[in-house]
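Trainee: The structure is given below, and queries will be raised subsequently.
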Amino acid sequence: MTKIVNHWIGGKTVEGASGTHGPVTDPATGEVTTKVAFASVDEVDAAVAAAKQAFATWGQSSLAQRTSILFRFRALLDAHRDEIAELITAEHGKVHSDALGEVARGLEIVDLACGISVQLKGELSTQVASRVDVSSIRQPLGVVAGITPFNFPAMVPMWMFPLAIACGNTFVLKPSEKDPSASVRLAELLHEAGLPDGVFNVVHGDKVAVDRLLEHPDVKAVSFVGSTPIARYIHTTASANGKRVQALGGAKNHMLVLPDADLDAAADAAVSAAYGSAGERCMAISAVVAVGAIGDELVQKIRERAEKIKIGPGNDPTSEMGPLITKVHRDKVATYVEGAAAEGAEVVLDGTGYTVDGFENGHWIGISLLDKMPTSAKAYQDEIFGPVLCVLRTETYEEALDIVNASPFGNGTAIFTRDGGAARRFQLEVEAGMVGVNVPIPVPVGYHSFGGWKDSLFGDHHIYGNDGTHFYTRGKVVTTRWPDPADAPAGVDLGFPRNH
């Protein structure tokens, strides 16, 4: 019997009523293992209504109440991390270690939310004028929504909802319909931790559900992570409906390798950053820029390491890379490799014919390495979101920097060098939101914020960290003057001495 994933509204499972379902496949086998209910407009409205009703009390709840629930949720999440990782592997396909790492990074934001009382401290200035004080406070927005991608079905939602609900908001999550089970399990753990009904809701679906959240008058803010075209649409549509928006888009992350770099360390980093999680992550390194005469040696070192990666089902402990999420996506990734030579690249490794014995119907693709890639090629220009690494060659640092800064994306970047002066120049001159120095995937820790520049971010706020707290709250300034009790009219005695 096929498993059915339903909505979570008002603290309980709610069966889909639209009559529309989407397939969820096991990427290792290609088999449909699950059906997910797609929400109608009425079902989205029900989730928002539950969240609005819950906000009436949750928005007034104490910081102690919110953080005590989050502490219990953190303990439950830690205890169930293997189970959640198994759900991720079953529907996304990534290997178990990658899935566990995803849960761990989500836990970082839960940790931050548990300490939200520090982030929400206001400011006070006394005696700005005679007996006048001014204070600044931050208050929750109300109902907020998150629309999240398939590549991190647990981590990206946890980039959003822990901070949102810690700040006093209520939350409606629309996860990816390709791997929805982890989000529902998170909802169950929140409920077990004592979160009041309606504070956290999950509705599954497609564009119908997304568009209703973007236009619903009771949704005050929308967080999104996904591709650049959809991020631009989310930002434009939600903003037109008067909502606060943070929409994180796609990426083409470059890694510069200077002639003085430790090439073994650079090759290790390039392989793990390009092919980890099958390249299905917005912080993957998809372009290495080799500066000077090191190109041939660096490519050979990358090739030697890449050829040793064991590809197989994510639940096989010996697998280091799993399949891609869907057959359609697998076939699209393959087209970039198949057309690379005609566009001027040298195909060092071609993984398009790869398959796994016993799992021939899985969404498999092997490691691909494309050298001497021209910037005019589609394999360079597009976000491939698969295990394809492009290598570009330049003579100078300045030429390499120009390539990076000419990209329409500005998510993450890295430089490998032993020269501190070169690294310092790069971190100041590169046009990207996150920079690694001898670190290939510079995803910030939870108490710093994640976000890119240019077409990698639409909106003014990065996600989580201080930016996340500011995004999910709005400021208020209060100016106060109180008469001194000693100035009270005659006949009223509060025990204060008279000043005259």
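The values are calculated or read from the model by the stated rules, or taken from the named source; none is laboratory data. From a predicted model like this one, the values you see are computed outputs, not experimental measurements. Here Cβ is always computed from backbone atoms with ideal geometry, including for glycine, and neighbour counts include all displayed protein chains. Remember, those area values only see protein heavy atoms, side chains included, never the ligands or the DNA or RNA. Shrake-Rupley method; radii C 1.70, N 1.55, O 1.52, S 1.80 Å.
Trainee: Can you work out which of the residues in the stretch 324-359 that are assigned to a loop (DSSP other than H, G, I, E, B) and aliphatic (A, V, I, L, M) is surrounded by the fewest Cβ atoms within 10 Å (Cβ to Cβ)? It would help to see each step written out before you state the result.
Mentor: Our first condition is that a residue be assigned to a loop (DSSP other than H, G, I, E, B); within the stretch 324-359, this holds for 324-326, 339-340, 344-345, 350-359.
Imposing the further condition that a residue be aliphatic (A, V, I, L, M) reduces the set to 324-325, 340, 345, 356.
Values: Leu324: 26, Ile325: 25, Ala340: 24, Ala345: 23, Val356: 18.
Checked the stretch 324-359; the qualifying residue surrounded by the fewest Cβ atoms within 10 Å (Cβ to Cβ) is Val356.
Trainee: Quickly run through the stretch 82-129 and pick out the residues that are open to solvent by 10 Å² or more (accessible area, probe 1.4 Å), of a type in the set (A, V, I, L, M) and out of contact with any Leu (no Cβ under 8 Å at 6 or more places or on another chain).
Mentor: Leu87, Ala90, Leu100, Ala104, Val118, Leu124, Val128, Ala129 - these are the residues of the stretch 82-129 that are open to solvent by 10 Å² or more (accessible area, probe 1.4 Å), of a type in the set (A, V, I, L, M) and out of contact with any Leu (no Cβ under 8 Å at 6 or more places or on another chain).
Trainee: Next question. Which condition does Ala113 not pass, out of (1) in contact with a helix residue (DSSP H, G or I) (Cβ under 7 Å, 6 or more places away or on another chain); (2) part of a helix (DSSP H, G or I); (3) under 30 Å from Ile311 (Cβ atoms), if it passes all the others?
Mentor: (3)
Trainee: Could you list, in sequence order, all residues of the stretch 449-479 that are out of contact with any Phe, Trp or Tyr (no Cβ under 8 Å at 6 or more places or on another chain) and either closer than 28 Å to Ala261 by Cα or among the aromatic types (Phe, Trp, Tyr) (or both)?
Mentor: Result: Gly451, Trp453, Phe458, Phe471, Tyr472.
Trainee: Look at Asp260 and say whether it is out of contact with any His (no Cβ under 6 Å at 6 or more places or on another chain), in contact (Cβ under 8 Å) with a residue 24 or more places away in the chain and not in a helix (DSSP H, G or I).
Mentor: Details: out of contact with any His (no Cβ under 6 Å at 6 or more places or on another chain): yes; in contact (Cβ under 8 Å) with a residue 24 or more places away in the chain: yes; not in a helix (DSSP H, G or I): yes.
In short, yes.
Trainee: Separate question: Given the criterion surrounded by 14 or more Cβ atoms within 10 Å (Cβ to Cβ) and either over 30 Å from Leu324 (Cβ atoms) or touching a His at 6+ places or on another chain (Cβ under 6 Å) (or both), identify the matching residue among Ala79, Ala49.
Mentor: Numbers: Ala79 fails: surrounded by 14 or more Cβ atoms within 10 Å (Cβ to Cβ).
Among Ala79, Ala49, only Ala49 is surrounded by 14 or more Cβ atoms within 10 Å (Cβ to Cβ) and either over 30 Å from Leu324 (Cβ atoms) or touching a His at 6+ places or on another chain (Cβ under 6 Å) (or both).
Trainee: Then there is this: Would you check if Ser125 is assigned to a helix (DSSP H, G or I) and of a type in the set (Ser, Thr, Tyr)? Write out each step before concluding.
Mentor: Numbers: assigned to a helix (DSSP H, G or I): no; of a type in the set (Ser, Thr, Tyr): yes.
Criteria not met by Ser125.
Trainee: Next question, about the same structure. Within the stretch 381-415, track down each residue that is in a loop (DSSP other than H, G, I, E, B) and open to solvent by less than 30 Å² (accessible area, probe 1.4 Å). It would help to see each step written out before you state the result.
Mentor: Narrowing the stretch 381-415 to residues in a loop (DSSP other than H, G, I, E, B): 382-387, 395-396, 407-408, 411.
Passing the criteria: Ile384, Gly386, Pro387, Ser407, Asn411.
Trainee: Here is a follow-up. Out of Glu83, Glu91, which single residue is closer than 21 Å to Gly362 by Cα, within 22 Å of the chain's Cα centre (by Cα) and outside any loop (DSSP other than H, G, I, E, B)? Before the answer, list the steps.
Mentor: Working: Glu83 fails: closer than 21 Å to Gly362 by Cα.
Going through Glu83, Glu91 in turn, just one is closer than 21 Å to Gly362 by Cα, within 22 Å of the chain's Cα centre (by Cα) and outside any loop (DSSP other than H, G, I, E, B): Glu91.
Trainee: Let me ask something additional. Every residue in the stretch 435-458 that is over 15 Å from the mean Cα position of the chain (by Cα) and either part of a helix (DSSP H, G or I) or buried (at least 19 other Cβ atoms within 10 Å of the Cβ) (or both), please.
Mentor: Hits for the stretch 435-458 are Gly436, Pro440, Asp455.
Trainee: Any residue in the stretch 164-177 that is open to solvent by less than 30 Å² (accessible area, probe 1.4 Å), under 22 Å from Phe38 (Cα atoms) and of a type in the set (Asp, Glu)? Don't jump to the end; show me each part of the working.
Mentor: Filtering the stretch 164-177 down to residues open to solvent by less than 30 Å² (accessible area, probe 1.4 Å) leaves 164-176.
Next, from what is left, pick out any that are under 22 Å from Phe38 (Cα atoms): 170-176.
The next check asks that each one be of a type in the set (Asp, Glu); those that pass are none.
Scanning the stretch 164-177 turns up no residue that is open to solvent by less than 30 Å² (accessible area, probe 1.4 Å), under 22 Å from Phe38 (Cα atoms) and of a type in the set (Asp, Glu).
Trainee: Going through the stretch 212-238 one residue at a time, which ones are open to solvent by less than 50 Å² (accessible area, probe 1.4 Å) and assigned to a helix (DSSP H, G or I)?
Mentor: Arg212, Leu213, Leu214, Thr228, Ala231, Ile234, Thr237, Ala238
Trainee: Just one of the numbered conditions (1) closer than 18 Å to Ala269 by Cα; (2) open to solvent by 40 Å² or more (accessible area, probe 1.4 Å); (3) touching a helix residue (DSSP H, G or I) at 6+ places or on another chain (Cβ under 9 Å) is not true of Arg418; which one?
Mentor: (3)
Trainee: Count, please, the residues in the stretch 7-44 that happen to be assigned to a helix (DSSP H, G or I), open to solvent by less than 40 Å² (accessible area, probe 1.4 Å) and not hydrophobic (A, V, I, L, M, F, W, C).
Mentor: Filtering the stretch 7-44 for residues assigned to a helix (DSSP H, G or I) gives 41-44.
Add one more test, that the residue is open to solvent by less than 40 Å² (accessible area, probe 1.4 Å), and what stays is 43-44.
From the residues that got through so far, the ones that are not hydrophobic (A, V, I, L, M, F, W, C) too are 43.
Counting residues in the stretch 7-44 that are assigned to a helix (DSSP H, G or I), open to solvent by less than 40 Å² (accessible area, probe 1.4 Å) and not hydrophobic (A, V, I, L, M, F, W, C) gives 1.
Trainee: Just to verify a result, which residue in the stretch 135-163, among those that are more than 30 Å from Ser97 (Cα to Cα) and either among the acidic types (Asp, Glu) or open to solvent by less than 10 Å² (accessible area, probe 1.4 Å) (or both), is nearest to the chain's Cα centre (by Cα)? Steps first, answer last, please.
Mentor: Kept after step one, since they are more than 30 Å from Ser97 (Cα to Cα), are these residues of the stretch 135-163: 135-144.
Checking which are either among the acidic types (Asp, Glu) or open to solvent by less than 10 Å² (accessible area, probe 1.4 Å) (or both) leaves us with 142-144.
Values: Gly142: 22, Val143: 20, Val144: 16 Å.
Going through the qualifying residues, I end up with Val144.
Trainee: Let me ask something else. Check Val132 against each of (1) touching a Phe, Trp or Tyr at 6+ places or on another chain (Cβ under 8 Å); (2) β-branched (Val, Ile, Thr); (3) open to solvent by 10 Å² or more (accessible area, probe 1.4 Å) and name the one condition it does not meet.
Mentor: It fails just one condition, (1).
Trainee: Does Gly249 qualify as being within 20 Å of the chain's Cα centre (by Cα), open to solvent by 10 Å² or more (accessible area, probe 1.4 Å) and closer than 25 Å to His363 by Cβ? I'd like the intermediate steps shown before the answer.
Mentor: Working: within 20 Å of the chain's Cα centre (by Cα): yes; open to solvent by 10 Å² or more (accessible area, probe 1.4 Å): no; closer than 25 Å to His363 by Cβ: yes.
When the stated conditions are applied, Gly249 does not pass them.
Trainee: In addition: How many residues are open to solvent by less than 40 Å² (accessible area, probe 1.4 Å) and farther than 15 Å from Lys121 by Cβ if we restrict to the stretch 463-479?
Mentor: Our first condition is that a residue be open to solvent by less than 40 Å² (accessible area, probe 1.4 Å); within the stretch 463-479, this holds for 463-465, 468-469, 471-473.
Okay, now just the ones that are also farther than 15 Å from Lys121 by Cβ, so 463-465, 468, 471-472.
Looking only at that region, the number is 6.
Trainee: Can you name the residue in the stretch 178-211 that is outside any loop (DSSP other than H, G, I, E, B) and either in contact with a Pro (Cβ under 6 Å, 6 or more places away or on another chain) or of a type in the set (S, T, N, Q) (or both) and is also surrounded by the fewest Cβ atoms within 10 Å (Cβ to Cβ) among such residues?
Mentor: Restricting attention to the stretch 178-211, the residues satisfying the condition of being outside any loop (DSSP other than H, G, I, E, B) are 181-192, 200-202, 207-211.
The next check asks that each one be either in contact with a Pro (Cβ under 6 Å, 6 or more places away or on another chain) or of a type in the set (S, T, N, Q) (or both); those that pass are 181-183, 201.
Values: Ser181: 23, Ala182: 29, Ser183: 27, Asn201: 28.
Residue satisfying both the conditions and the ranking: Ser181.
Trainee: Further question on the same structure: For the stretch 360-374, which residues satisfy the criterion of being part of a loop (DSSP other than H, G, I, E, B) and open to solvent by less than 70 Å² (accessible area, probe 1.4 Å)?
Mentor: Gly362, His363, Trp364, Ile365, Gly366, Ile367, Met373, Pro374
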